[in-house]
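Below is one structure, written out as structure tokens; the observations come after it.
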Amino acid sequence: MFPYLPHTVEERNVLMERIGIKSVDELFTDIPESILLKEELNLNRPYSELEIKRICKELSNLNANVDDYTCFMGAGYYDHYIPSVIDHMLLRSEFYTAYTPYQAERSQGYLQAIFEYQTMICELTGMDVSNASMYDGASATAEAGFMCVNSKKKRNTVLIAATVAPEVQKVVKTYFEMAELNLVVVGMQNGLVDMADLDGKLTEDVAGVICQYPNFFGNIEDLKAVGEKAHANGSMLVLNADPIALGLLESPKALGADITVGDGQGLGNPMSFGGPTFGFFAAKEEFVRSMPGRIVGQTVDHDGNRGYVLTLQAREQHIRRQKATSNICSNQALNALTALIYLSVVGKKGLRQVAEQSCNKAHYLAERIAKVPGFKVHFAAPFFKEFVVETDKCVEAVLKALLDNHILGGYALGKDYPEMQNCFMVAVTEKRTKEEIDKFIQVLEGVK
Amino acid sequence: MREKKQLIFEMSIPGRTAFSLPEDDFTGMQASSCLDAGLLRTEEPNLPEVSEVDVVRHFTGLSNRNFGVDTGFYPLGSCTMKYNPKVNEDVSRYPGFALSHPFQPEELSQGNLKLLFEMDKALSEITGMDRFTMQPAAGAHGELTGLMIIKAYHLHNGDAERNEVIVPDSAHGTNPASAAVIGYKIVEIPSGENGLVDIAELKKVVGPKTAALMLTNPNTLGLFETEILEMAEIVHDAGGLLYYDGANTNAIMGKARPGDMGFDVQHINLHKTFATPHGGGGPGSGPVGVKAKLVPFLPAPVIEQVEGENRYFMDYDRPLSIGKVKACYGNFTVVVKAYAYILAMGAKGLRLSSEDAVLNANYLKEILKEYFELPHDRICKHEFVLSGMKQKKLGASTLDMAKRLIDYKYHPPTIYFPLIVKEAIMIEPTETESKETLDAFAETMIKIAKEVEENPETVTNAPLTTVVGRLDEVTAARTPILKWKPEA
């Protein structure tokens, strides 16, 4: 009756006979009578596979998707091209139906993959060491904040720029409030961190400073200056970086980052309504023993054959319990594997192409938008693939006009930044074509 | 068969590519004209240059050096390695799910919102809780979220001195670790001789400082905590809350509900009980369910239905919410897979799953207890714990026997957990395994027990058939090599 339950009635009887019972109820006599369910749960009836597909298709069809709608919306989730190879490799069930590679000799495939992934994250960020992944960029940022506090004894405050994505700020705020640590927001000026405000807030209780790169608005901050100020104060610099941007822009290492985190969605992971993606987490060598998460290391077997194992496990919850550097257990291995395959496919030259095309097309669109009456680029700061548009028309009306033309036009900023009610944010990736951009402009020109 | 494998970096040949993009023939822009030189990267990241064939052969080869549930029997206790249905993979890839932007208009995300709402209802019904959030990304993340809710609740009631969380000594490491993240002091109570929570010990430590008691039921020995109702009363009377670690829910679906046992908050592991794939270490999903009095503290947004209509929205107007533990709404396409699983099973299927899971565990236990020490010889739930002490005295440890199982094409059970059993072997067959598989596994375990008696080197030298032999973990930790470096 159920494809995933192999036992027939006869087989159940044989099993019961071996155990010495007559009914499966005898295996549940240790459950108090008063809570033993007497009726079936109130759920759907069992559906066949055909029906499951129909039901899910119906639900799926109620949603917009970025194949049917041209995506100019970013705000942390980007319509970058996903090469075909990736899903074919991800559907190899030795990867996706495996558990965490605790039995190293039989899990060399995944362990080597994680080692390769760690290497690539270090290459992108310039950091010395990376872990095997975290849940997402937001929670990785929170854990980075914790790591600053744990690394700098007697300092309980972390600064976070107002130009960090609202979703990330909310998660870091929850983590910090619950852990009874101080999170102070540094104000912004012209779409960038307000340096004067930063100076004022860099007290001796500050363990770390968190900035985003490029920031939420797509702007590129003067992070070298931020880093210098932080370090002069004995604080650490945490950068939440767009991994695609790291194919073109200066590395976090060169900017003075002590910890680099970020969301890896853009590296071959479909947007998936926000998850699963993954958070990458990398740091300088000196911080390796306080890093959260699983880490894979290279070693040899007794015959000298090279192999890979989970290592430095004494940091983790299954060994250190309440003294662990984090409570994380399952992470986002398959999404990290996705990123590894993506970076292998695009390679040194390809990542640069993706980043350059995204950057160039964004600047091209920005220039054309600026020529449409009633629209201008809001900030003067340098930007990468995303920028803020200011309009004297109603933002809702503009976005609706675009939506009516099957375009996800951008992210309205008013609800997160009340002073920007007349602004929305546009992202452009390497996927966007001249026709799509022409259409975008055409629609803008038609808005009353 | 020992077999070497190159790293992808070692396959790199300058000029090779696996990637093609349409040319940008219209912008006329260059990075150097868009951005100041000082902003641009000076040192290129050393990513490999390989062809598409290289990529496919490399990752196919890596998959051949790995083992999943689809490869063979995987009786990892506490992980519920049940079969991952393929229709779930297909439906989770439908474009409306996989290619939807989290910030696209709600009117154009009704399918997703409805699915999340339906999952909230279904999980609430299965577990006896009132509302669920799908936001946490994993079990430990759910534990953290649940504990945050508990803390917020107590603070809201002016109970700031409640700073202790009680866990039994059999608890999974994530329990105390999660509590410690938000500053709780851990109070550990020793289990009784019968492997269960010792009520007398519990009474000693419960008091005005108790924020919560964290339990899993059945516990990590696979034994049902029969006195759970009394435990709940003791903790509630003292003003504390009860947290349920849902890792072992596969034992009780359709048989009992944590909500009825007195639990106030719980997490579920969709990647265990609800058949979503483990992915080699994630992505999982750890939805958190709460009783009515804790609903105001749930992370935002809560997915709500417009009264009387087939329309759904995200409710951010939650002044008492703990905030957010993850960007957006959770590991959404993982939730889709669990949704499809619940569609496939329905109430009857879920109950049969738990019954068969418990049946299979007891069957294996009865066979294997003749050959291995069984610390608690009575009915178990979906898993049971053996001890390898008898074999250890003959010269082969639980670790050795686990490695030998690999030679016989099995993934070993969980070993050395829970900490309260010496040389622990935790076996959880799950309900998706046939009688033939169980019999073959039992036969192999018995064979290995015999090998330990007659020829212990085959066991202590195992595994002999894997691509590498036993690896030096000590050196790996002492002098860590955590990334590839090009040869100087």
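Divide by every residue of chain B the summed helix terms, -39500 (n - 2.57) for each DSSP H run of at least 4, and state the resulting mean residue ellipticity at 222 nm, rounded to the nearest 500 deg cm²/dmol. Don't skip to the end; give the middle numbers.
Numbers: 16 runs with 176 residues, N = 488.
Result for chain B: -11000 deg cm²/dmol, rounded to the nearest 500.
Round to the nearest 0.05 the FRET efficiency obtained for A:Ala380 and B:Leu419 when R0 = 60 Å and r is the Cβ-Cβ distance.
Values: r = 60 Å, r/R0 = 0.99.
FRET efficiency, A:Ala380 to B:Leu419: 0.50.
Treating only the Cβ of Lys, Arg, Asp and Glu as charged (+1, +1, -1, -1), what charge dipole size does the protein assembly as shown show about its Cα centre? Round to the nearest 20 debye. Don't skip to the answer; put the middle values down first.
Details: 93 positive and 122 negative charges, 190 e Å.
Roughly 920 debye for the protein assembly as shown.
Rounded to the nearest 500, what is chain A's calculated 222 nm mean residue ellipticity when only DSSP H runs of at least 4 contribute -39500 (n - 2.57) each, over all residues?
Helix contribution divided over all residues of chain A: -11500 deg cm²/dmol.
Just going by the charge dipole of chain B, with Lys and Arg at +1 and Asp and Glu at -1 on Cβ, which of B:Phe372, B:Ala232, B:Thr414 is farthest out on the positive end?
B:Phe372
How far is helix A:395-404 tilted off the main Cα axis of chain A, in degrees rounded to 10, range 0 to 90?
With rounding to tens, the tilt is 60 degrees.
Quick one: compute the contact order of chain A, relative version, from alpha carbon pairs under 8 angstrom and 6+ residues apart, as a percent. Working shown, then result.
Values: 788 pairs, mean separation 86.7, N = 448.
So the answer I get is 19 percent.
Short version: ³J(HN,Hα) in whole Hz for each residue of the stretch B:247-257, in order, from phi by Karplus 6.51 cos²θ - 1.76 cosθ + 1.60 (θ = phi - 60°), x for Gly and Pro, what are they?
Values, residue by residue: 4, 9, 4, 4, 7, 10, 5, x, 10, 7, 10 Hz.
Can you pull out the GluC sites (Glu not before Pro) in the stretch B:125-212 whose DSSP state is coil and whose Cβ has at most 16 other Cβ atoms within 10 Å? Write down the numbers at each step before the final one.
Details: sites: B:Glu125, B:Glu143, B:Glu161, B:Glu164, B:Glu188, B:Glu193, B:Glu201; in loops: B:Glu161, B:Glu193.
Passing both the DSSP loop test and the Cβ count: B:Glu161, B:Glu193.
Could you tell me how far the Cα centroid of the stretch B:6-31 sits from the Cα centroid of the stretch B:201-275, in Å?
54
Counting other Cβ atoms within 10 Å, keep those with at most 12, restrict to DSSP loop, and tell me which trypsin sites (Lys or Arg not before Pro) in the stretch A:1-59 are left. Don't jump to the answer; show the numbers that get you there.
On the way: sites: A:Arg12, A:Arg18, A:Lys22, A:Lys38, A:Lys53, A:Arg54, A:Lys57; in loops: A:Lys22, A:Lys38.
Sites meeting the loop and neighbour criteria: A:Lys22, A:Lys38.
In Å³ and rounded to a whole number, note down the convex hull volume per residue for the Cα atoms of the protein assembly as shown. Let's see the in-between values first.
Working: hull volume 145.0 nm³, N = 936.
Hull volume normalised by residue count: 155 Å³.
Take the Cβ-Cβ distance between A:Asn190 and B:Asn157 as r, set R0 to 56 Å, and report the resulting FRET efficiency rounded to the nearest 0.05.
Values: r = 45 Å, r/R0 = 0.79.
It comes to 0.80.
Using the basic label-point model (7 angstrom from Cα toward the beta carbon), what is the B:Lys450 to B:Asp260 distance in nanometres?
Simple spin-label model gives 4.5 nm for this pair.
B:Thr60 label point, 7 Å along Cα→Cβ, cut-off 19 Å on backbone N: hits in the stretch A:339-358?
A:341-342, A:344-346
Treat each spin label as a single point 7 Å out from the Cα along the C-beta direction, and report the B:Asp90 to B:Ile199 distance in nm.
5.2
List the DSSP H helices in chain B whose Cα atoms stretch 15 Å or more along the helix axis and whose mean Kyte-Doolittle hydropathy is at least 0.5. Walk me through the numbers on the way to the answer.
Numbers: long enough: B:52-64 (18 Å, -0.07); B:110-127 (25 Å, -0.06); B:139-156 (25 Å, 0.32); B:332-368 (40 Å, 0.63); B:435-454 (28 Å, -0.35).
Helices passing the filter in chain B: B:332-368.
How big is the gap, in Å, between the Cα center of the stretch B:394-408 and the Cα center of the stretch B:293-322?
Going from one Cα centre to the other spans 51 Å.
Using only alpha carbon pairs under 8 Å that are at least six residues apart, calculate the relative contact order of chain B and give it in whole percent.
Values: 868 pairs, mean separation 93.0, N = 488.
Once normalised by length, the contact order is 19 percent.
To the nearest µm²/s, what D does Stokes-Einstein give for the stretch B:222-261 at 37 °C and 0.692 mPa s, using the Kirkwood radius over alpha carbon pairs as Rh?
Working: Rh = 11.1 Å.
Roughly 295 µm²/s, to the nearest whole number.
Residue separation times 0.36 nm, minus the C-alpha to C-alpha distance between B:Leu464 and B:Thr42: what's the value? Show your work: numbers first, answer last.
On the way: separation 422, 0.36 × 422 = 151.92 nm, distance 4.78 nm.
Full-extension gain reported as 147.1 nm.
For the stretch A:288-306 and the stretch A:109-146, what is the centre-to-centre distance using only Cα atoms, to the nearest Å?
Result: 14 Å between the Cα centres.
Give A:Lys201/B:Lys151; A:Lys284/A:Lys349; B:Lys204/B:Lys381; B:Lys82/B:Lys409; A:Lys400/A:Lys439 a once-over and call out the pairs whose C-alpha atoms are over 23 Å from each other. Provide the component values of the computation, followed by the final result.
Values: A:Lys201/B:Lys151 29 Å; A:Lys284/A:Lys349 26 Å; B:Lys204/B:Lys381 28 Å; B:Lys82/B:Lys409 17 Å; A:Lys400/A:Lys439 14 Å.
Over 23 Å Cα-Cα: A:Lys201/B:Lys151; A:Lys284/A:Lys349; B:Lys204/B:Lys381.
I'd like to know which of A:Leu62, A:Val24, A:Leu36 lies farthest towards the positive end of the charge dipole of the stretch A:1-81, counting +1 on Cβ of Lys and Arg and -1 on Cβ of Asp and Glu.
Result: A:Leu62, furthest along the dipole toward the positive end.
To the nearest whole percent, what portion of all C-alpha pairs in the stretch A:268-333 is separated by more than 18 angstrom? Spell out each step's value before the answer.
On the way: 1100 of 2145 pairs.
Considering the stretch A:268-333, 51 percent of its Cα-Cα pairs are separated by more than 18 Å.
If R0 is 41 Å, what FRET efficiency do you get for A:Lys173 and B:Lys4 from their C-beta distance, rounded to 0.05?
Working: r = 49 Å, r/R0 = 1.19.
My answer for the efficiency is 0.25.
Which one of B:Val197, B:Gln305, B:Phe26 is farthest out on the positive end of the charge dipole of chain B, using unit charges on Cβ (Lys, Arg +1; Asp, Glu -1) and the Cα centre as origin?
So the residue furthest toward the plus end is B:Val197.
Would you please name the trypsin sites (Lys or Arg not before Pro) within the stretch B:306-391 that are DSSP coil residues with at most 12 other C-beta atoms within 10 Å of their C-beta? Don't skip to the end; give the middle numbers.
Numbers: sites: B:Arg311, B:Lys324, B:Lys326, B:Lys337, B:Lys348, B:Arg351, B:Lys365, B:Lys369, B:Arg378, B:Lys381, B:Lys390; in loops: B:Arg311, B:Lys324, B:Lys326, B:Lys369, B:Arg378, B:Lys381.
Listed in order of number, the matching sites are B:Arg378.
Taking a virtual spin label 7 Å from the Cα of A:Leu91 along the C-beta vector, which residues in the stretch B:334-348 bring their backbone nitrogen under 17 Å of it?
From the stretch B:334-348, the list is B:337.
Over the alpha-carbon set of chain B, work out the extent along each principal axis and list the three values in angstrom, largest first.
77, 67, 44
Calculate, in nm to one decimal, what A:Thr8 and A:Thr203 gain on full extension: separation in residues at 0.36 nm each, minus their alpha carbon distance. List each step's numbers first, then the result.
Numbers: separation 195, 0.36 × 195 = 70.20 nm, distance 6.97 nm.
My answer for the length gained is 63.2 nm.
Obtain the nm distance between the two label points defined at B:Ala292 and A:Arg18 by a simple spin-label model: each point lies 7 Å from its Cα along the Cα-to-C-beta direction.
Placing both labels 7 Å beyond Cα along the Cβ direction yields 4.7 nm.
Using Cα positions and a limit of under 19 Å, work out the lysines in reach of A:Lys323, with same-chain residues fewer than 8 apart set aside.
Here the lysines satisfying the reach criterion relative to A:Lys323 are A:Lys152, A:Lys153, A:Lys154, B:Lys185.
Bear in mind that the values in this text are calculations on the coordinates, not laboratory data. As the structure is a prediction and not an experimental result, all values here were calculated from the model. Backbone-built Cβ (ideal geometry, glycine too); neighbour counts: all protein chains shown.
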